Every structure is written in structure tokens, then in C-alpha cells.
Amino acid sequence: MSKIYLDNNATTKCDLEVFNSMLPYLGEQFGNPSSVYSLGREVKEKVQEARRNISELINAKEEEIIFTSCASEANVCAIMSAVRSYPLKKHIITTKVEHASIMETMKYLESVGYRVTYLSVDNYGRISLEEIKKSICDDTCLITVMMANNEIGNIYPVKEIGEIARRHHILFHCDAVQAIGKVPIDVSLMNIDTLSLAGHKIHAPKGIGVLYVKNGIPFVPLIFGHQEKNRRGGTENVPYIIGLGKAVEIILKDQYQSNEKIEKLRDYMEDEIKKEIDDTMIYGDLDKRLPNTSSIAFRDVDANQLMLLLESFGIFVSTGSACNSEIAEDSHVLVACGVNLEQYSPIRISLSKYNTKEEIDVFVKHLVQCVSMIRRRK
Ligand code: PLP
């Protein structure tokens, strides 16, 4: 049975070009970039090339890019750096729909005396800029808001939030993991102080991330050491950094053209589904959504049952964030949206440049069967 992978917000398949770019650095080119002899210098030059590509993609300076082990590390590092830089300020603003790496850090900070404002979202998952403005106080040291949501795909007004933060001299961190490669990112235009990225959402391997830190802002490392200009200790994961650099080079060449194709395919898929299945509901802000994401529910169809049935046909979708899939709880994102999960529990379909119309047709055919099987059993 051939497999149809439709869960690209969880992770993506490594590009063959990316895979091949890494191989020499797992073999003969094994030097440590900190070594001064040629074996190290050559590797260092390739690491710098990756850094250049990433800085170009987000309009940053090369020295503002720090490699980390993952985006979760980058998120935690940015938050802990902000609170340690302003030890007298004890208030943070975030949203109710952030990734677990942010949410869990907030819980920890609350346990040690911080006050956290979790911005609410409406039924479409949208936040209010007015609520941000009202939440700011003299004690606020950080605003952290994601650029795009992993479950419903909403794109948040990061530029406007950055402007508010700047006006009040508050640090602004942005988790851009789901946005990279899907929406243009300009850290300067968007007034972003720190930003996180992950390789595995853009066809590079898992286990490599980036933290952008704007020149001149206060910074306290999470892992002390000499690498990355004293900002992140630990010998660099050279092969994965080079793989990430290649994945970004591919995005730079593509100039977001793949996204047009992906968006058309997503819209075609949603139209076909709505034509074939009645009582469907699509979650999120349909006017401002990632081009690849669809959070879709069918009345009286349990999403977990549907996901498992689809898997029996070799089709992989999810019921929310991969990080929460082992926890039998409703998605915090959908709970925050206040939607009727009893009646309409969604599956998340997230496409990549590798998906084809033929795959979508096969998927829709099986989806129709699965939904009617579940509804008949009721
Ligand atoms: N932030 C968001 C929005 C994500 O979707 C993810 C991964 O799913 C992360 C952060 C964490 O990335 P990593 O797996 O590299 O730690």
C-alpha cells in the first residue's frame, strides 16, 4: 500500500538535496568548526554559508543567527534570556494558542512568581491588538506571540505586535516555526527582537533549530560556552546546520512559488471535501491562514477514530499538534477558540510541495468512505 503523508506541520520529509548536502560532513569532512587547521576552517566556512542563507531569508545580519538543537530550545532560551535580563520585571504577555515549549515555560515562570497574561482568541482563533495594549504594564518584560499557529494555521499580526512592543520598550519574541518558508519573514520590518525556527518543518532534519537575536538587545545564554560567540555552548551540529542551510537555499530560490501550488491544492481539497461530505466545518481564520493547513471537522465524527481509519488506508493526518498527541486531552488551541468539539472534532491536514492532486483525490475518496462508516456506526 502506498503511503500518503498529509501531516507536514508535524514534520517534513528531508529533501534529497538536503540529505546529500549533509553526507560529506558525516564522513570525511568531520572537522570541528572551532579548530584552526584547515579541516576545521573548511567546515566553519560551510557553517557560515548556512548562517548567511538564514540571515538572508529573514532579513537579519549573519551574527544575529545562533544555531540551537531545536526550536523548543530557541523558544526557551529567548524567554529565559528576557526574564534574566530584566530581573525586576515580573509580567509576560503571550497567547492561549502557543506551542508547548512556550506554554510549559510560562507555567514554570508562574510557579516561581511571574504573572502571565494569556491573550484570548475568538472562535476563529484571532487575537486582539487592543487586548495586548491593555495588558501592558510597567512590570512587563516580554511579549511572546507565534507568527503562525501549528494546528489551525492562523497567521498573527506580528508586525503590529512588534510595533506595540517597541513603543513600550518591551522585548518581543516570535515563534516562527510554522511560518518559515510559508510566509515572508522580515525581522527588521516586523520589529522582532528574538525569533525561533526549526529545520524539520522545511525539509531539513529534526534536531536543528535557530534563534535570531537582534544586535544590541540584552542576552543571557541558556547553555554557557564559547561557541556561537559565547551565546550557545556546545560543538555545532555541523551536518544538520549544513542541511538546514541547504533547505533555506532551496526556499530562497523558490521565492515562495511552491506555496501558490500548495494553497491551490489545499483549496481544491477543501472544495472537494465540502462537495462530497455534508456538515463539515473548517476551523481557523480563513482569510489569514497558512497556505498548507486545513483543520477540518465532520459533524458527529470523532477525529481520533477518523485518523485511525485513514491510517488503515495508508493516509497520515493528525488530530492536532504532534507534541500533544500522546496526551489524551482536547487541544488547548481549539479549547481556546471555544468551539464545539463534542460535535465537530477536527483532523489537521497539512500539505507540502511533495503532495500531488492524485494523492488528494485518493485521500478525499477514502475520507468520504471513512466519514460515512463512522456516521453509520452511530
Ligand atoms: N513551535 C511551533 C509552532 C511548532 O509547531 C513546533 C514543532 O512542532 C515547535 C515550536 C518546536 O520545534 P522543535 O520540534 O524543533 O523543538
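The values are calculated or read from the model by the stated rules, or taken from the named source; none is laboratory data. From a predicted model like this one, the values you see are computed outputs, not experimental measurements. A quick note on method: Cβ atoms are made from the backbone with ideal geometry, for glycine too, and the neighbour counts reach across all protein chains shown. When the accessible area is computed, the model is the full protein with side chains, heavy atoms only, and any ligands, DNA or RNA have been set aside. Shrake-Rupley method; radii C 1.70, N 1.55, O 1.52, S 1.80 Å.
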* Asked: How big is the range 82-134 by Rg and Dmax over its Cα atoms, in Å?
  -> 12.0, 36
* To do: Can you tell me the order of 76-86, 169-179, 262-272 when each peptide is scored by its average per-residue count of other Cβ atoms within 10 angstrom, highest first?
  => 169-179, 76-86, 262-272
* How far is helix 257-276 tilted, in degrees, relative to the longest principal axis of the Cα atoms in the chain, given as a value from 0 to 90 rounded to the nearest 10? -> 20 degrees
* Where labels lie 7 Å past Cα in the beta-carbon direction, separation of K61 and F313 in nm -> 5.4 nm
* Considering the zone a paramagnetic label at E28 would reach in this model (a point 7 Å from Cα along the Cα-to-Cβ line), which residues of the range 237-276 have amide N under 18 Å from it? -> 239
* Please give the peptides 215-221, 149-155, 181-187 ranked by average Cβ packing (other Cβ atoms within 10 Å per residue), highest first, as a rough proxy for protection. => 149-155, 181-187, 215-221
* Among the lysines, select those whose C-alpha is under 17 Å from the C-alpha of K253, and discard any that sit fewer than 8 residues away in the same chain. => K182, K261, K353
* Run a plain Debye calculation on the chain (Cα atoms as equal point scatterers, no solvent) and give log10 I(q)/I(0) at q = 0.13, 0.14, 0.15 Å⁻¹, rounded to two decimals, same order as the q list. => -1.06, -1.20, -1.32
* To do: Quick one: what are the phi-derived ³J(HN,Hα) couplings along the range 102-110, Karplus 6.51/-1.76/1.60 with θ = phi - 60°, whole Hz, x for glycine and proline?
  => 7, 4, 5, 5, 4, 4, 4, 5, 4
* At 7 Å along the Cα-to-beta-carbon direction for both D271 and D138, put a label point, then send me their distance in nm to one decimal. => 5.8 nm
* Asked: Across the range 4-104, how many lysine pairs, 8 or more apart or on two chains, come within less than 30 Å at their alpha-carbon atoms?
  -> 7
* Structure fact -> Binned at 5 Å from zero, the C-alpha pair distances of the range 1-43 give percents of 6, 18, 15, 15, 13, 10, 10, 8, 4, 2, 0
* To do: For the range 296-302, just list the computed ³J(HN,Hα) in residue order, Karplus coefficients 6.51, -1.76 and 1.60, θ = phi - 60°, integers in Hz, with x standing in for Gly and Pro.
  => 10, 10, 10, 3, 6, 10, 6
* Can you list the aspartates and glutamates whose alpha carbon is less than 12 Å from that of K159, not counting same-chain residues fewer than 8 positions off? -> D186, D193
* Probe 1.4 Å, protein heavy atoms only - accessible area per residue of the chain in square angstrom -> 44 Å²
* Hey, could you pull the Cα Rg and Dmax for the range 1-129, both in Å? -> 20.2, 59
* Relative contact order (percent, whole number), the range 16-254, Cα cutoff 8 Å, 6+ residue spacing -> 28 percent
* To do: When a/c is below 1.5 the answer is rounded, else prolate if a/b is larger than b/c, else oblate, so apply that to the range 168-242 with a ≥ b ≥ c taken from the square roots of the Cα gyration tensor eigenvalues.
  => oblate
* Pop out the ³J(HN,Hα) list for the range 176-192 in order, Karplus 6.51 cos²θ - 1.76 cosθ + 1.60 with θ = phi - 60°, rounded to Hz; leave Gly and Pro as x. => 10, 4, 7, 8, 4, x, 10, 9, x, 10, 9, 5, 6, 4, 8, 6, 9
* Of all DSSP beta bridges located in the range 16-254, what percent are antiparallel, nearest 5? -> 40 percent
* Structure fact -> Quick tally, 1.4 Å probe accessible area for H168, H226, H332, H200, sorted with the most first, runs H226, H168, H332, H200
* Whose amide H sits under 5 Å from the amide H of I208, counting only residues 5 or more places off or on another chain, with H placed in the peptide plane? -> G199, H200
* Rg ratio (alpha-carbon, reference 2.2 N^0.38 Å) - the range 199-345 -> 1.37
* To do: Could you tell me what percent of the DSSP beta bridges with both partners in the range 258-349 are antiparallel, to the nearest 5?
  => 90 percent
* Asked: Can you give the accessible area of D139 in Å² (nearest 10), computed on protein heavy atoms with a 1.4 Å probe?
  -> 60 Å²
